[in-house]
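Below is one structure; the comments refer to it alone.
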Amino acid sequence: MGYLSTHDEIRAARLNREEVADLLSRYPRVSDNEAGQILAFLRTGRHLDVGLLTSNDQLRPKLDAFMHDHKSHFRLKWSEGVAVSAGIVTLLLFLFLAWEVFAS
């Protein structure tokens, strides 16, 4: 299944919360393309829209099932973990050096 193609990401950017809610309400009876659109919306959609979608109690069972079935797409990738760790180490090093310069 090729979920997050460039076409799907562009289409998901144009999807609004109601359209994704409609797709989720039909889950698991959605096509691979529609599942890709849901994934793209959840990963790249506006935080407010995603939050409002996930707080909908009527969609919660379908969304939970979708998240369970596609959990590999929501895991933190190794490269993302390394990037975050490197950023934290860089920040701490910068703060330590600034402390040394200004504390002297």
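The values are calculated or read from the model by the stated rules, or taken from the named source; none is laboratory data. Computed from a prediction, not measured in an experiment: that's the story for all the values here. Note that each Cβ is placed from the backbone with ideal geometry, even for glycine, and that neighbours are counted across all protein chains shown.
Quick notes on this one:
- One residue stands out in the stretch 68-104 among those that are in a helix (DSSP H, G or I) and touching a residue at least 12 places away in the same chain (Cβ under 8 Å): the one that is farthest from S31 (Cα to Cα), namely H73.
- The residues on offer are A35, A40, A65, and the sole one that is among the hydrophobic types (A, V, I, L, M, F, W, C), assigned by TED's automatic domain parsing to the domain that holds R17 and more than 20 Å from N16 (Cα to Cα) is A65.
- Within the stretch 43-62, the set of residues being exposed (fewer than 11 other Cβ atoms within 10 Å of the Cβ) and either in contact with a Ser or Thr (Cβ under 9 Å, 6 or more places away or on another chain) or closer than 14 Å to E19 by Cα (or both) comprises Q58 only.
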